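**Student:** Have a look at the structure that comes next, please.
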Amino acid sequence: MGQENITEFILMGLLSDDGDAKAACFVLFSLCYFAILSGNLLILITIKGSHLREQPMYFFLSYLSFMDVCFTSTVAPKFITDLLVQQKTISYKNCMAQMFYAHFFGATEIFILVAMAYDRYAAICRPLHYMVIMSTKVCYALVMASIVGAFVHSLIHVLIIIELPFCGPNKIDHFFCDVFPLLKLACTDTRLLVIIVITTTGILAILTFVALVISYIIILSTLRAPSSEGRRKALSTCGSHITVVFMFFLPLIFTYVPTADSVSDDKVFALFYTMIAPMFNPFIYTLRNKDMKNAMRKVWCRDKLSEQK
(Lines give C-alpha, C1' and ligand atoms only; values in the text may rest on other atoms or scores of the structure.)
Protein backbone atom coordinates (compact mmCIF):
# COMPACT_ATOMS: atom_id res chain seq x y z
CA MET A 1 0.00 0.00 0.00
CA GLY A 2 1.05 3.57 -0.57
CA GLN A 3 1.04 5.17 2.85
CA GLU A 4 4.56 4.41 4.17
CA ASN A 5 5.69 7.29 6.43
CA ILE A 6 3.03 9.91 5.74
CA THR A 7 -0.16 9.89 7.83
CA GLU A 8 -1.33 13.40 6.95
CA PHE A 9 -0.95 16.05 4.28
CA ILE A 10 -0.71 19.84 4.49
CA LEU A 11 -2.92 21.74 2.05
CA MET A 12 -1.18 24.86 0.75
CA GLY A 13 -4.53 26.49 -0.01
CA LEU A 14 -5.46 29.10 -2.55
CA LEU A 15 -3.66 32.14 -1.10
CA SER A 16 -0.33 33.07 0.45
CA ASP A 17 -0.13 34.15 4.11
CA ASP A 18 -1.90 37.49 3.58
CA GLY A 19 -4.21 37.76 6.59
CA ASP A 20 -6.51 40.49 5.21
CA ALA A 21 -6.95 38.69 1.88
CA LYS A 22 -7.76 35.43 3.70
CA ALA A 23 -10.37 37.15 5.89
CA ALA A 24 -11.98 38.74 2.82
CA CYS A 25 -11.97 35.37 1.02
CA PHE A 26 -13.47 33.67 4.08
CA VAL A 27 -16.45 36.05 3.97
CA LEU A 28 -16.75 35.88 0.17
CA PHE A 29 -16.64 32.08 -0.13
CA SER A 30 -18.87 31.60 2.92
CA LEU A 31 -21.48 33.70 1.12
CA CYS A 32 -20.88 31.69 -2.09
CA TYR A 33 -21.40 28.42 -0.22
CA PHE A 34 -24.56 29.76 1.44
CA ALA A 35 -25.84 30.82 -2.01
CA ILE A 36 -25.12 27.33 -3.40
CA LEU A 37 -26.96 25.60 -0.55
CA SER A 38 -29.96 27.96 -0.50
CA GLY A 39 -30.27 28.22 -4.32
CA ASN A 40 -30.17 24.48 -4.93
CA LEU A 41 -32.42 23.78 -1.92
CA LEU A 42 -34.93 26.23 -3.40
CA ILE A 43 -34.89 24.29 -6.68
CA LEU A 44 -35.28 20.92 -4.91
CA ILE A 45 -38.22 22.09 -2.76
CA THR A 46 -39.92 23.82 -5.71
CA ILE A 47 -39.68 20.75 -7.96
CA LYS A 48 -40.76 18.35 -5.19
CA GLY A 49 -43.71 20.56 -4.21
CA SER A 50 -45.04 21.21 -7.71
CA HIS A 51 -46.26 19.42 -10.84
CA LEU A 52 -42.77 19.89 -12.36
CA ARG A 53 -41.51 16.72 -10.61
CA GLU A 54 -43.53 14.69 -13.16
CA GLN A 55 -41.52 16.10 -16.09
CA PRO A 56 -38.24 14.33 -16.97
CA MET A 57 -36.32 17.62 -17.44
CA TYR A 58 -37.05 18.72 -13.87
CA PHE A 59 -36.54 15.19 -12.55
CA PHE A 60 -32.94 15.42 -13.83
CA LEU A 61 -32.60 19.03 -12.68
CA SER A 62 -33.47 18.03 -9.10
CA TYR A 63 -30.70 15.40 -9.17
CA LEU A 64 -28.28 17.91 -10.71
CA SER A 65 -29.04 20.39 -7.90
CA PHE A 66 -28.56 17.67 -5.28
CA MET A 67 -25.22 16.69 -6.84
CA ASP A 68 -24.16 20.36 -6.92
CA VAL A 69 -24.72 20.56 -3.16
CA CYS A 70 -22.89 17.27 -2.50
CA PHE A 71 -20.01 18.09 -4.85
CA THR A 72 -19.37 21.53 -3.38
CA SER A 73 -19.80 20.22 0.18
CA THR A 74 -16.89 17.79 -0.27
CA VAL A 75 -14.56 20.76 -0.84
CA ALA A 76 -16.06 24.05 0.40
CA PRO A 77 -16.37 23.56 4.22
CA LYS A 78 -12.75 22.43 4.58
CA PHE A 79 -11.51 25.09 2.14
CA ILE A 80 -13.41 27.89 3.93
CA THR A 81 -12.36 26.91 7.48
CA ASP A 82 -8.74 26.49 6.32
CA LEU A 83 -8.70 30.21 5.44
CA LEU A 84 -8.80 30.93 9.19
CA VAL A 85 -6.12 28.48 10.35
CA GLN A 86 -2.35 28.53 9.99
CA GLN A 87 -1.74 24.78 9.53
CA LYS A 88 -4.13 23.28 6.99
CA THR A 89 -3.73 19.56 7.65
CA ILE A 90 -5.80 16.64 6.39
CA SER A 91 -5.28 13.00 7.31
CA TYR A 92 -4.32 10.44 4.66
CA LYS A 93 -7.71 8.66 4.95
CA ASN A 94 -9.71 11.90 4.81
CA CYS A 95 -7.65 13.00 1.81
CA MET A 96 -8.51 9.80 -0.07
CA ALA A 97 -12.17 10.14 0.94
CA GLN A 98 -12.32 13.77 -0.23
CA MET A 99 -10.77 12.85 -3.58
CA PHE A 100 -13.19 9.94 -4.04
CA TYR A 101 -16.33 11.95 -3.25
CA ALA A 102 -15.23 14.98 -5.28
CA HIS A 103 -14.73 12.78 -8.36
CA PHE A 104 -17.88 10.74 -7.63
CA PHE A 105 -20.26 13.69 -7.33
CA GLY A 106 -18.50 15.63 -10.13
CA ALA A 107 -18.68 12.67 -12.54
CA THR A 108 -22.34 12.05 -11.62
CA GLU A 109 -23.05 15.68 -12.57
CA ILE A 110 -21.36 15.16 -15.93
CA PHE A 111 -23.44 12.07 -16.70
CA ILE A 112 -26.67 13.78 -15.58
CA LEU A 113 -25.90 16.70 -17.92
CA VAL A 114 -25.62 14.11 -20.72
CA ALA A 115 -29.01 12.65 -19.68
CA MET A 116 -30.50 16.16 -19.73
CA ALA A 117 -29.19 16.71 -23.27
CA TYR A 118 -30.76 13.39 -24.34
CA ASP A 119 -34.03 14.47 -22.73
CA ARG A 120 -34.03 17.79 -24.64
CA TYR A 121 -33.26 15.94 -27.89
CA ALA A 122 -36.23 13.61 -27.32
CA ALA A 123 -38.56 16.48 -26.36
CA ILE A 124 -37.70 18.74 -29.31
CA CYS A 125 -36.71 16.32 -32.09
CA ARG A 126 -39.02 13.38 -31.24
CA PRO A 127 -42.06 15.03 -29.60
CA LEU A 128 -44.59 12.35 -30.64
CA HIS A 129 -42.56 9.57 -29.00
CA TYR A 130 -41.27 11.66 -26.07
CA MET A 131 -43.31 10.02 -23.29
CA VAL A 132 -42.23 6.56 -24.47
CA ILE A 133 -38.55 7.51 -24.91
CA MET A 134 -38.36 9.30 -21.55
CA SER A 135 -40.59 7.09 -19.42
CA THR A 136 -40.18 7.02 -15.63
CA LYS A 137 -38.21 3.76 -15.88
CA VAL A 138 -35.82 5.27 -18.43
CA CYS A 139 -35.27 8.35 -16.25
CA TYR A 140 -34.42 6.27 -13.19
CA ALA A 141 -32.23 3.97 -15.30
CA LEU A 142 -30.25 6.99 -16.61
CA VAL A 143 -29.72 8.32 -13.07
CA MET A 144 -28.61 4.89 -11.83
CA ALA A 145 -26.24 4.51 -14.80
CA SER A 146 -24.81 7.97 -13.97
CA ILE A 147 -24.20 6.93 -10.35
CA VAL A 148 -22.62 3.58 -11.25
CA GLY A 149 -20.42 5.16 -13.94
CA ALA A 150 -19.27 7.86 -11.52
CA PHE A 151 -18.53 5.28 -8.82
CA VAL A 152 -16.30 3.28 -11.18
CA HIS A 153 -14.55 6.46 -12.34
CA SER A 154 -13.84 7.58 -8.75
CA LEU A 155 -12.74 4.14 -7.61
CA ILE A 156 -10.15 3.96 -10.40
CA HIS A 157 -8.60 7.24 -9.25
CA VAL A 158 -8.46 6.20 -5.60
CA LEU A 159 -6.94 2.81 -6.48
CA ILE A 160 -4.25 4.61 -8.50
CA ILE A 161 -3.30 6.85 -5.57
CA ILE A 162 -3.44 4.36 -2.65
CA GLU A 163 -0.91 2.11 -4.39
CA LEU A 164 1.68 4.92 -4.45
CA PRO A 165 4.40 5.42 -1.81
CA PHE A 166 4.32 8.82 -0.03
CA CYS A 167 7.52 9.34 1.94
CA GLY A 168 7.67 13.18 1.94
CA PRO A 169 7.27 16.05 1.37
CA ASN A 170 3.61 16.12 2.36
CA LYS A 171 2.57 19.60 1.16
CA ILE A 172 -0.23 19.51 -1.42
CA ASP A 173 -0.17 22.61 -3.63
CA HIS A 174 -3.95 22.86 -3.75
CA PHE A 175 -6.96 23.67 -1.54
CA PHE A 176 -8.31 20.10 -1.66
CA CYS A 177 -7.02 16.61 -2.36
CA ASP A 178 -6.97 15.89 -6.08
CA VAL A 179 -5.17 13.42 -8.30
CA PHE A 180 -2.50 15.57 -9.99
CA PRO A 181 -1.22 17.36 -6.84
CA LEU A 182 -0.97 13.96 -5.10
CA LEU A 183 0.87 12.38 -8.04
CA LYS A 184 3.49 15.12 -7.70
CA LEU A 185 4.18 14.03 -4.09
CA ALA A 186 4.60 10.31 -4.77
CA CYS A 187 8.09 8.87 -4.22
CA THR A 188 8.10 7.11 -7.57
CA ASP A 189 7.91 7.81 -11.29
CA THR A 190 4.29 8.77 -12.04
CA ARG A 191 4.57 9.86 -15.69
CA LEU A 192 2.58 6.86 -16.92
CA LEU A 193 -0.09 7.45 -14.28
CA VAL A 194 -0.37 11.12 -15.33
CA ILE A 195 -1.08 9.92 -18.90
CA ILE A 196 -3.70 7.47 -17.56
CA VAL A 197 -5.44 10.21 -15.56
CA ILE A 198 -5.38 12.61 -18.51
CA THR A 199 -6.87 9.83 -20.65
CA THR A 200 -9.57 8.76 -18.18
CA THR A 201 -10.61 12.21 -16.93
CA GLY A 202 -9.35 14.79 -19.42
CA ILE A 203 -10.24 13.03 -22.64
CA LEU A 204 -13.57 11.88 -21.15
CA ALA A 205 -14.37 15.52 -20.28
CA ILE A 206 -13.42 16.71 -23.80
CA LEU A 207 -15.41 13.99 -25.56
CA THR A 208 -18.45 14.54 -23.35
CA PHE A 209 -18.24 18.31 -23.82
CA VAL A 210 -17.95 17.99 -27.62
CA ALA A 211 -20.82 15.46 -27.71
CA LEU A 212 -23.02 17.77 -25.64
CA VAL A 213 -22.26 20.82 -27.80
CA ILE A 214 -22.95 18.83 -31.00
CA SER A 215 -26.20 17.46 -29.54
CA TYR A 216 -27.44 20.97 -28.70
CA ILE A 217 -26.43 22.22 -32.18
CA ILE A 218 -28.49 19.37 -33.68
CA ILE A 219 -31.42 20.18 -31.37
CA LEU A 220 -31.36 23.88 -32.22
CA SER A 221 -30.91 23.28 -35.97
CA THR A 222 -33.88 20.88 -36.10
CA LEU A 223 -36.12 23.04 -33.91
CA ARG A 224 -39.52 23.03 -35.57
CA ALA A 225 -41.77 24.42 -32.85
CA PRO A 226 -45.13 25.34 -34.40
CA SER A 227 -45.46 28.64 -32.52
CA SER A 228 -43.00 31.43 -31.83
CA GLU A 229 -43.74 31.00 -28.09
CA GLY A 230 -42.85 27.29 -28.26
CA ARG A 231 -39.67 28.06 -30.21
CA ARG A 232 -38.67 30.77 -27.72
CA LYS A 233 -39.29 28.44 -24.76
CA ALA A 234 -37.20 25.65 -26.32
CA LEU A 235 -34.38 28.07 -27.18
CA SER A 236 -34.41 29.47 -23.64
CA THR A 237 -34.27 25.98 -22.10
CA CYS A 238 -31.45 24.83 -24.37
CA GLY A 239 -29.63 28.13 -23.80
CA SER A 240 -29.71 27.52 -20.03
CA HIS A 241 -28.37 23.99 -20.47
CA ILE A 242 -25.59 25.10 -22.83
CA THR A 243 -24.53 27.87 -20.40
CA VAL A 244 -24.23 25.35 -17.55
CA VAL A 245 -22.31 22.91 -19.76
CA PHE A 246 -19.77 25.59 -20.74
CA MET A 247 -19.35 26.88 -17.16
CA PHE A 248 -18.74 23.38 -15.79
CA PHE A 249 -16.74 21.72 -18.56
CA LEU A 250 -14.29 24.39 -19.72
CA PRO A 251 -12.52 24.82 -16.32
CA LEU A 252 -12.58 21.01 -15.93
CA ILE A 253 -10.90 20.53 -19.31
CA PHE A 254 -8.26 23.19 -18.56
CA THR A 255 -7.52 21.38 -15.27
CA TYR A 256 -7.06 17.88 -16.65
CA VAL A 257 -5.72 18.52 -20.18
CA PRO A 258 -3.01 18.31 -21.36
CA THR A 259 -0.46 18.25 -18.46
CA ALA A 260 -0.30 18.45 -14.69
CA ASP A 261 2.42 21.10 -14.58
CA SER A 262 0.29 24.22 -14.05
CA VAL A 263 -1.07 23.55 -10.56
CA SER A 264 -1.36 27.28 -9.74
CA ASP A 265 -3.71 27.69 -12.72
CA ASP A 266 -5.44 24.44 -11.79
CA LYS A 267 -6.39 25.95 -8.42
CA VAL A 268 -8.19 28.83 -10.12
CA PHE A 269 -9.97 26.50 -12.55
CA ALA A 270 -10.86 24.11 -9.71
CA LEU A 271 -12.31 27.02 -7.73
CA PHE A 272 -14.51 27.79 -10.72
CA TYR A 273 -16.02 24.32 -11.13
CA THR A 274 -16.28 23.57 -7.38
CA MET A 275 -17.69 26.93 -6.18
CA ILE A 276 -18.52 29.46 -8.90
CA ALA A 277 -20.38 27.29 -11.44
CA PRO A 278 -22.55 25.52 -8.79
CA MET A 279 -23.47 28.97 -7.41
CA PHE A 280 -24.69 30.24 -10.79
CA ASN A 281 -26.55 27.05 -11.80
CA PRO A 282 -29.70 27.80 -9.72
CA PHE A 283 -29.87 31.35 -11.14
CA ILE A 284 -29.44 30.08 -14.71
CA TYR A 285 -32.14 27.43 -14.33
CA THR A 286 -34.65 29.65 -12.48
CA LEU A 287 -34.27 33.18 -13.86
CA ARG A 288 -34.35 31.97 -17.47
CA ASN A 289 -37.15 29.45 -16.91
CA LYS A 290 -40.76 30.62 -16.84
CA ASP A 291 -42.11 27.26 -15.59
CA MET A 292 -39.70 27.29 -12.62
CA LYS A 293 -40.61 30.89 -11.72
CA ASN A 294 -44.35 30.10 -11.86
CA ALA A 295 -43.86 26.91 -9.81
CA MET A 296 -41.86 28.84 -7.20
CA ARG A 297 -44.64 31.42 -6.83
CA LYS A 298 -47.25 28.68 -6.39
CA VAL A 299 -45.18 26.61 -3.93
CA TRP A 300 -44.00 29.50 -1.77
CA CYS A 301 -47.29 31.45 -1.89
CA ARG A 302 -49.15 28.27 -0.93
CA ASP A 303 -46.78 27.77 2.01
CA LYS A 304 -47.35 31.36 3.17
CA LEU A 305 -51.13 30.97 2.91
CA SER A 306 -51.06 27.72 4.92
CA GLU A 307 -48.96 29.47 7.60
CA GLN A 308 -51.47 32.34 7.81
CA LYS A 309 -54.35 29.88 8.27
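**Student:** Counting only residues that are closer than 12 Å to Leu11 by Cα, out of contact with any Gly (no Cβ under 9 Å at 6 or more places or on another chain) and aliphatic (A, V, I, L, M), which one in region 76-111 is modelled with the lowest pLDDT?
**Tutor:** Val85
**Student:** Show me the helices (runs of 4 or more DSSP H) found entirely inside region 88-190 where at least 2 residues are buried (at least 20 other Cβ atoms within 10 Å of the Cβ). Don't jump to the end; show me each part of the working.
**Tutor:** On the way: elements: 92-125, 130-133, 136-162, 179-185.
Qualifying helices (runs of 4 or more DSSP H): 92-125, 136-162, 179-185.
**Student:** Consider region 202-233. How many of its residues are among the small types (Gly, Ala, Ser), at pLDDT below 75 and either open to solvent by 60 Å² or more (accessible area, probe 1.4 Å) or under 20 Å from the mean Cα position of the chain (by Cα) (or both)?
**Tutor:** The total comes to 1.
Matching residues to (1) closer than 20 Å to Gly168 by Cβ; (2) polar (S, T, N, Q); (3) touching a residue at least 40 places away in the same chain (Cβ under 8 Å):
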{"residue": "Met67", "(1), (2), (3)": "no, no, yes"}
{"residue": "Cys70", "(1), (2), (3)": "no, no, no"}
{"residue": "Ala76", "(1), (2), (3)": "no, no, yes"}
{"residue": "Phe79", "(1), (2), (3)": "no, no, yes"}
{"residue": "Leu83", "(1), (2), (3)": "no, no, yes"}
{"residue": "Gln87", "(1), (2), (3)": "yes, yes, yes"}
{"residue": "Ser91", "(1), (2), (3)": "yes, yes, yes"}
{"residue": "Ala97", "(1), (2), (3)": "no, no, no"}
{"residue": "His103", "(1), (2), (3)": "no, no, yes"}
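**Student:** Let me ask something additional. Tell me which residues, restricted to region 56-66, are within 11 Å of the chain's Cα centre (by Cα) and open to solvent by less than 10 Å² (accessible area, probe 1.4 Å).
**Tutor:** Residues satisfying the conditions are Leu64, Ser65.
**Student:** Turning to a different aspect of this structure: Would you point out which residue out of Ser62, Ser38, Ser30 is closer than 24 Å to Thr208 by Cα, among the hydroxyl-bearing types (Ser, Thr, Tyr) and modelled with pLDDT of 90 or more?
**Tutor:** Of Ser62, Ser38, Ser30, the one residue that is closer than 24 Å to Thr208 by Cα, among the hydroxyl-bearing types (Ser, Thr, Tyr) and modelled with pLDDT of 90 or more is Ser62.
**Student:** OK, next. Within region 234-257, which residues are open to solvent by 10 Å² or more (accessible area, probe 1.4 Å), at pLDDT 75 or above and among the β-branched types (Val, Ile, Thr)?
**Tutor:** Result: Ile242, Thr243, Ile253.
The values are calculated or read from the model by the stated rules, or taken from the named source; none is laboratory data. Remember, predicted model here, so these are calculated numbers, not experimental data. Quick reminder, even Gly has a Cβ in these numbers, built from the backbone with ideal geometry, and neighbours come from all protein chains shown. In case anyone asks, the SASA skips ligands and DNA or RNA and just uses the protein heavy atoms, side chains included. Shrake-Rupley method; radii C 1.70, N 1.55, O 1.52, S 1.80 Å.
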